[in-house]
Amino acid sequence: MAENLLTVTNLKKVYESSTGSVEAIADISFEMNRGELVCIVGPSGCGKTTLLKCIAGLLKPTAGTVRIDGTEVTAPPRNMAVVFQEYGRSLYPWLTVRGNVELPLRHQKLPKDERNRIIEDALEAVGLAGKHDSYPWQLSGGMQQRVAIARAVAYQPEVLVMDEPFAAVDAQTRADLEDLVRALHRDRGMSILFVTHDIDESVYLGERVVVLSSSPTWVQEDITVDLAPERDQISTRALPRFTELRTHVYQQVQRAKRGEAVRAS
Amino acid sequence: MSVVNTVKVPKTRRGKRSLWVRMGESTLYAFGLPLILIGLWAVWATATSPKFFPTPAELAEAFVDTWVGKSFFEDVVPSLTRLGVGIIASIAVGIAVGTLVGLSRVLRELVEPIFEFFRAIPPPVMIPVITVILGATDSTKVIIIVLGAVWPVLLNTIDGVRGTDSVMKETARSFRITPIQRLWSLVLPAAMPRIMTGIRQAMSIALILMVISEMSNTSAGLGNRIVYFQRNYLVAEMWSGIALLGLVGVLLALIFGIVERRMLRWYHGVKETERG
């Protein structure tokens, strides 16, 4: 049942520059199964984005490997889509909502009907049906991020990688977008790797939470979130188990910040 | 799915009557000052009858006599054709070379010193050289125009292409968009605001060089006529040529404005949203 999808093995990233080298990631290893929703949390500046870029094939790791379906990632893989934090810089302002969603499909040889169906479906999935002809800059931040998610959905990836996607939107919009991610996972069986600095968010969304140490980074803890798959902003967050998990992750992140946790190597 | 609301984009939507009022206002603004100046000039020229300045009426008469009819086809049309060809060639060469150089760091470091050298040469000094090679032909004049007008397009394109947002580039990479697709759907649109700035500068340089390229070695063209009238003390005719050049400049600016607003609708929209 649990089929391996993504494997990160002893990943290490050192940034070389004229002023010396900085070790951003020391040694990260974790696995992710098909159909899982895994959240990655860690103190700020712990190299979450670096890790994500290595996984997405946008950055070459100094050592270690990332494998998707057993194949080593050396360039952006076909079966992965990335949703960036900065939706304002990730969407192309000269394209309409439809044009942006169509972007990853343009160079794929698809029949026109099929392409239209995919675009409709993706916009439907994020609740933006009927917004085709708007431009991104005419929409609110939350809606722009929905467009970015629709674009990723239209690409039809096996795994959706999201880099702090809701960091720049207000709390209410954020709750709606979290439920959207849950819905994509539940209804479409999408595998999602969700990077966040928000502890509540990681517990609410994830089936597993991977806690990273501060930089140079390693995996401090890998926690299974044993909450029911049906989650609700009010009742789930009020569960004693949610509070327990949240407190646990919070303590781990605090330890990571203070650099107390010691790697068992 | 919850209901989300759209940010209101500022639109200048007003009543029908106020549209007419506004159109009247803008017409008044556009023509008000020129009309006042023409009025002052008419009073001054009639009162003092200066030697080197015709009255508005004389100028208008000379304008019609000089440029309407045969001369329109023999002087004005060829001049404007060379101007148009020169501008289009400058834009094409500037964008093509600028994109290549902007995309490649190696190429950029290789050609930048050469660009600095050639850019420093004033195009009019090349007139004798190119005339020796190609003769007093249309090609010579077009080349002179391009030698000056290509630079703002070229340099702005390089900067625009270089400045493509890193997240936008990563987005294209992560969706495995092909290089040619990337050029059309990312690099060129992103550089377009800068390219347009370059084109605007190129147009005024092109107009200047069109006139200069016609001032020697030719028997026709706007620049040639103006020099001819000057040498024969045809003061009103000379001024009418200068007025015509001004009108050509206004026309170019109008065409540019229309094209720019169409192509950079998104850019103005983003700017307007940022201003709130």
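The values are calculated or read from the model by the stated rules, or taken from the named source; none is laboratory data. The model shown is predicted, which means the values in this text are computed figures rather than measured ones. Please note: Cβ atoms are built from the backbone with ideal geometry, for glycine as well, and neighbour counts cover all protein chains shown.
Out of the stretch A:162-199, which residues are charged (D, E, K, R) and more than 15 Å from the chain's Cα centre (by Cα)?
Kept after step one, since they are charged (D, E, K, R), are these residues of the stretch A:162-199: A:163-164, A:170, A:174, A:176, A:178-179, A:182, A:186-188, A:198.
Hits for the stretch A:162-199 are A:D170, A:D176, A:R186, A:D187, A:R188.
Only strands (runs of 3 or more DSSP E) wholly contained in the stretch A:182-254 count here; list those with 3 or more residues that are not assigned by TED's automatic domain parsing to the domain that holds A:K13.
Details: elements: A:191-195, A:208-212, A:217-224.
Filter on the stretch A:182-254 gives an empty set.
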Inset, instruction - Would you tally the residues in the stretch A:56-88 being more than 11 Å from chain B (Cβ to nearest Cβ) and not basic (K, R)? - result: 13
Inset, instruction - Would you confirm whether any residue within the stretch A:23-35 is of a type outside the set (V, I, T), within 15 Å of the chain's Cα centre (by Cα) and surrounded by 20 or more Cβ atoms within 10 Å (Cβ to Cβ)? - result: yes
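Would you mind finding the one in A:N116, A:N100 that is closer than 30 Å to A:S140 by Cα, in contact with a Leu (Cβ under 7 Å, 6 or more places away or on another chain) and not assigned by TED's automatic domain parsing to the domain that holds A:R186? First the steps, then the outcome.
On the way: A:N116 fails: in contact with a Leu (Cβ under 7 Å, 6 or more places away or on another chain).
It is A:N100.
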Legend entry - All positions within the stretch B:230-252 that are without any contact (Cβ under 8 Å) to a residue 40 or more places away in the chain and in a helix (DSSP H, G or I): B:Q230, B:R231, B:M238, B:I242, B:L245, B:G246, B:L247, B:V250, B:L251
Inset, instruction - Only one of these is touching a residue at least 40 places away in the same chain (Cβ under 8 Å) and in a helix (DSSP H, G or I): A:E102, A:E124, A:E120. Name it. - result: A:E102
Inset, instruction - Residues being touching an Asp or Glu at 6+ places or on another chain (Cβ under 6 Å) and part of a loop (DSSP other than H, G, I, E, B): count how many of those fall in the stretch A:24-47. - result: 2
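Suppose we filter A:T71, A:T19, A:T7, A:T50 for residues that are touching an Asp or Glu at 6+ places or on another chain (Cβ under 9 Å) and polar (S, T, N, Q); which single one remains? Even if it seems obvious, please write down each step before you answer.
Numbers: A:T71 fails: touching an Asp or Glu at 6+ places or on another chain (Cβ under 9 Å); A:T19 fails: touching an Asp or Glu at 6+ places or on another chain (Cβ under 9 Å); A:T50 fails: touching an Asp or Glu at 6+ places or on another chain (Cβ under 9 Å).
Answer to the selection: A:T7.
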Inset, instruction - Please work out which one of (1) within 9 Å of chain B (Cβ to nearest Cβ); (2) out of contact with any strand residue (DSSP E or B) (no Cβ under 7 Å at 6 or more places or on another chain) is the condition A:Y155 fails and give its number. - result: (2)
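Do you know which of the residues in the stretch B:152-199 that are among the hydrophobic types (A, V, I, L, M, F, W, C), touching a residue at least 40 places away in the same chain (Cβ under 8 Å) and farther than 15 Å from B:L264 by Cα is surrounded by the fewest Cβ atoms within 10 Å (Cβ to Cβ)?
Pass one, the stretch B:152-199, residues among the hydrophobic types (A, V, I, L, M, F, W, C): B:153-155, B:158, B:161, B:167-168, B:172, B:175, B:177, B:180, B:183-184, B:186-188, B:190-192, B:195-196, B:199.
Of the ones still in play, those that are also touching a residue at least 40 places away in the same chain (Cβ under 8 Å) are B:153-155, B:158, B:161, B:183, B:187-188, B:191-192, B:195-196, B:199.
Cutting the leftovers down to farther than 15 Å from B:L264 by Cα gives us B:153-155, B:158, B:161, B:183.
Values: B:V153: 30, B:L154: 26, B:L155: 20, B:I158: 26, B:V161: 23, B:L183: 15.
Checking each candidate, the answer is B:L183.
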Legend entry - Selection status of A:T173, touching a strand residue (DSSP E or B) at 6+ places or on another chain (Cβ under 9 Å), surrounded by 17 or more Cβ atoms within 10 Å (Cβ to Cβ), hydroxyl-bearing (S, T, Y) and in the same structural domain as A:E36 (by TED's automatic domain parsing): no
Inset, instruction - Within the stretch B:170-186, count every residue that is assigned to a helix (DSSP H, G or I) and closer than 17 Å to A:V161 by Cβ. - result: 5
Legend entry - Residues of the stretch A:183-223 classified as surrounded by 18 or more Cβ atoms within 10 Å (Cβ to Cβ) and closer than 23 Å to B:T171 by Cα, total: 9
Legend entry - Among the residues listed as B:V161, B:V129, B:V211, B:V146, the single one being within 30 Å of A:T74 (Cα to Cα), more than 14 Å from every other protein chain (Cβ to nearest Cβ) and either outside any helix (DSSP H, G or I) or β-branched (V, I, T) (or both): B:V161
Legend entry - Residue match in the stretch A:69-90 (condition: buried (at least 16 other Cβ atoms within 10 Å of the Cβ), more than 26 Å from A:G141 (Cβ to Cβ) and in contact (Cβ under 8 Å) with a residue 60 or more places away in the chain): no
